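The values are calculated or read from the model by the stated rules, or taken from the named source; none is laboratory data. The structure displayed is predicted, hence computed values, not measured ones. Here the Cβ positions follow ideal geometry from the backbone for every residue, glycine too, while neighbour counts run over all protein chains shown. Each accessible area value is taken on the protein alone, full model and side chains, heavy atoms only, with ligands, DNA and RNA left out. Shrake-Rupley method; radii C 1.70, N 1.55, O 1.52, S 1.80 Å.
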Amino acid sequence: MTTPTAAESHAAGPTDTPLLDETIGGNFERTASTYPDAEALVDVSGDRRWTYAELNAEIDCVARALMASNIARGDRVGIWAPNCPEWTILQYATAKIGAILVAINPAYRTHELGYVLRQSGTRMLVSATSFKTSDYRSMIGEVRSEIPDVTDIVFLGTADWEQLRARSRRVSMAALRSRMGELQPGDPVNIQYTSGTTGSPKGATLSHRNILNNGFFVTELIKLGPGERLCIPVPFYHCFGMVMANLGCTTHGATMVIPAAGFDPAAALAAVEKERCTALYGVPTMFIAMLGHPDLGEHDLSSLRTGIMAGATCPMELMKRCVSELNMSELAIAYGMTETSPVSCQTLIDDDLDRRTATVGRAHPHVEIRIVDPETGRITKRGEPGEFCTRGYSVMLGYWDDDDRTREAVDSDGWMRTGDLAVMRDDGYCMIIGRIKDMVIRGGENVYPREVEEFLHTHPDIDDVQVIGVPDTKYGEEICAWIRMRAGCTPLDADGVRAFASGRLAHYKIPRYVHIVDEFPMTVTGKVRKVDMRTETVRLLGLET
Ligand code: AMP
């Protein structure tokens, strides 16, 4: 390892606390034997709760049932559901038997669902039946013929789940122990699909070592101790939920509190009060929604101490309001991405207000970070912008079955290129100042314009389409499509585009704005000038403020 020089934008996180060198199942059992009677999991809306001993027994039951269903080490098991206790139970049960959990975004629709199930070679799918306007059962029915490898489908909330659990009788505890003994911390345990720059989602494949340690250090830094209670309104299908929250709690004997299946500001505030939560997580838009909720003043949030805001730019004013109005005096910011398990930088709870609100923190334990000039590859001087790169235990094993795209993202020395523009200050704290990658973050969900463009190209009347993000007060960014129609076709409007995409594309990827054009602004080299498109759209829609 090179020793970073102070003048360069290169830093390494502290290494005084060693990395955990165990599997997720082994670590969970250690916590369960240390704190058997501590509360592990609370489902507020379903009014169900488990101590660590009870949760461990339930996880063992499901783990044995999966073995009885012939799920081998390395087999993929998909989960397609909003937050619920069974999600967490399946997360740990698959980890105990060495299966790879494929976390599928509940907002996905048939186009994305079929793709990720095929690409990952998922064998068993555990799914919700429905949630709000999503009818998961019928969407699975629609793609059934395209996913021949999926031989077992288990619907949560139906007799299926009980029937699955009942299979556990066919496999002994000794067989489960023996399976657990075969596993290594470096084994893959999870595939998380992230929006792809080249059209289709990419399956970031993460190991026990990757996510167990990241979850552990995220909550080490906010000093989440045994008996503390974390309110989790962030989704489990993303690292924020399953790693930073779930693994963050179970590595420290803290309690996972699920306020509701999907994000609901009122439910999150009520859960904090009712369960006396000491910590709360959220993406910036969630904190905005909680702070703006009319019930805010009626809740006693005095139990709160800490939490994490992450996932998109965390505005300074918003941080300050959370500290003062939500009582989160030890609130931290984290920065990272799915491919790095996810966190690379985090502020410390005793950092001064400037560091805690103006930066995304400093290098995480056991992680190296550097800022590189994207043109020349040279490490920039402190204070000079460049691409944020990270290296260490946290970098993914690779994209599932996609060596080419893995090589584009991670260089031969192990540095992950994030596509984010950052500056490292003299004190080693970093600021994210923009993105090189052509990505939009709408309400914490990433959208790659290319994916939406390729989908809209399947519309018979669309000749060409370019997608951009435009500012939005509620979601941070909104999706806008500039469309050139085929000759003689009736121009589409936003409703027409929505009608075409809904049911097939996740709602957050469907353009809110549609602008019909004859041509796109181009550079002399024939590249579309998205910057000009954005400026023009902001002007046309009056989004300047
Ligand atoms: P994901 O893979 O879904 O976790 O998204 C990762 C991307 O979210 C990063 O590459 C950043 O562009 C963005 N991001 C995450 N955390 C932050 C943060 N604290 N500040 C600014 N952008 C962030």
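Looking at segment 133-237, the helices (runs of 4 or more DSSP H) lying wholly inside it that each contain 1 or more residues that are open to solvent by 20 Å² or more (accessible area, probe 1.4 Å) and within 24 Å of Asp60 (Cα to Cα) sit at 159-166, 173-182, 208-221.
So which residues in segment 419-460 are under 22 Å from Ile369 (Cβ atoms), within 12 Å of the ligand (Cβ to nearest atom) and touching a Lys or Arg at 6+ places or on another chain (Cβ under 8 Å), if there are any at all? Explain how you work it out, then say what you get.
Applying the first criterion (under 22 Å from Ile369 (Cβ atoms)) to segment 419-460 yields 419-437, 439, 441, 446.
Adding the requirement that they be within 12 Å of the ligand (Cβ to nearest atom) leaves 419-422, 430-437, 439, 441, 446.
Matches in segment 419-460: Gly419, Asp420, Leu421, Cys430, Met431.
Does Ser207 qualify as being small (Gly, Ala, Ser), more than 13 Å from the ligand (Cβ to nearest atom) and over 27 Å from Arg362 (Cβ atoms)? No; evaluated as a whole, the condition is false for this residue.
Scan segment 264-315 for residues that are within 13 Å of the ligand (Cβ to nearest atom) and either outside the structural domain of Ala332 (by TED's automatic domain parsing) or not aromatic (Phe, Trp, Tyr) (or both) and report the count. Spell out how you get there, then give the answer.
Pass one, segment 264-315, residues within 13 Å of the ligand (Cβ to nearest atom): 281-285, 287, 308-315.
Next cut, either outside the structural domain of Ala332 (by TED's automatic domain parsing) or not aromatic (Phe, Trp, Tyr) (or both) only: 282-285, 308-315.
Residues that pass the stated criteria total 12.
In segment 238-256, the qualifying residues are those that are in a loop (DSSP other than H, G, I, E, B) and in contact with a helix residue (DSSP H, G or I) (Cβ under 6 Å, 6 or more places away or on another chain), and the one that is surrounded by the most Cβ atoms within 10 Å (Cβ to Cβ) is Thr251.
For Ala260, the test of being away from the ligand (no atom under 15 Å from the Cβ) and part of a loop (DSSP other than H, G, I, E, B) is passed. Taken together, the residues in segment 382-403 that are among the hydrophobic types (A, V, I, L, M, F, W, C) and open to solvent by 30 Å² or more (accessible area, probe 1.4 Å) amount to 2. Just so you know, in segment 387-403 the residues that are within 15 Å of the ligand (Cβ to nearest atom) and in contact with a His (Cβ under 9 Å, 6 or more places away or on another chain) include one that is nearest to Ile211 (Cα to Cα), and it is Ser394. Tell me, please, whether a residue that is closer than 28 Å to Gly292 by Cβ and of a type outside the set (A, V, I, L, M, F, W, C) can be found in segment 451-458. No, because not a single residue in segment 451-458 is closer than 28 Å to Gly292 by Cβ and of a type outside the set (A, V, I, L, M, F, W, C).
Every residue in segment 493-529 that is in a loop (DSSP other than H, G, I, E, B), among the hydrophobic types (A, V, I, L, M, F, W, C) and open to solvent by 30 Å² or more (accessible area, probe 1.4 Å), please. Even if it seems obvious, please write down each step before you answer.
Within segment 493-529, the first condition is being in a loop (DSSP other than H, G, I, E, B), and the residues that meet it are 493, 503-504, 506, 510-512, 517-521, 523-527, 529.
The next check asks that each one be among the hydrophobic types (A, V, I, L, M, F, W, C); those that pass are 506, 510, 517, 520, 524.
Result: Val524, single match.
Taking segment 28-60 only, how many residues are closer than 22 Å to Asn190 by Cβ and either surrounded by fewer than 17 Cβ atoms within 10 Å (Cβ to Cβ) or modelled with pLDDT under 95 (or both)? Selection size over segment 28-60: 1. For segment 267-284, taking the residues that are part of a helix (DSSP H, G or I) and open to solvent by less than 30 Å² (accessible area, probe 1.4 Å), the one that is modelled with the lowest pLDDT is identified as Pro284.
Which residue out of Thr418, Thr458, Thr406, Thr490 is closer than 28 Å to Leu212 by Cβ and either open to solvent by 30 Å² or more (accessible area, probe 1.4 Å) or not in a helix (DSSP H, G or I) (or both)? Outline the logic, then answer.
Working: Thr458 fails: closer than 28 Å to Leu212 by Cβ; Thr406 fails: either open to solvent by 30 Å² or more (accessible area, probe 1.4 Å) or not in a helix (DSSP H, G or I) (or both); Thr490 fails: closer than 28 Å to Leu212 by Cβ.
None of the other options fit; the residue is Thr418.
Asp427 meets all of the listed conditions (1) in a loop (DSSP other than H, G, I, E, B); (2) touching a helix residue (DSSP H, G or I) at 6+ places or on another chain (Cβ under 6 Å) but one, namely (2).
Yes/no per residue for (1) away from the ligand (no atom under 12 Å from the Cβ); (2) outside the structural domain of Leu230 (by TED's automatic domain parsing); (3) not charged (D, E, K, R):
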residue: Glu317; (1), (2), (3): yes, no, no
residue: Glu325; (1), (2), (3): yes, no, no
residue: Ile333; (1), (2), (3): no, no, yes
residue: Pro365; (1), (2), (3): yes, no, yes
residue: Gly377; (1), (2), (3): yes, yes, yes
residue: Pro385; (1), (2), (3): yes, yes, yes
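Before we move on, is Leu348 surrounded by fewer than 18 Cβ atoms within 10 Å (Cβ to Cβ), touching a helix residue (DSSP H, G or I) at 6+ places or on another chain (Cβ under 8 Å) and more than 17 Å from Phe388 (Cβ to Cβ)? Talk me through it step by step, then tell me what you get.
Values: surrounded by fewer than 18 Cβ atoms within 10 Å (Cβ to Cβ): yes; touching a helix residue (DSSP H, G or I) at 6+ places or on another chain (Cβ under 8 Å): yes; more than 17 Å from Phe388 (Cβ to Cβ): yes.
Yes; evaluated as a whole, the condition is true for this residue.
Is it the case that Ser69 is open to solvent by 10 Å² or more (accessible area, probe 1.4 Å), polar (S, T, N, Q) and without any contact (Cβ under 8 Å) to a residue 40 or more places away in the chain? Criteria not met by Ser69.
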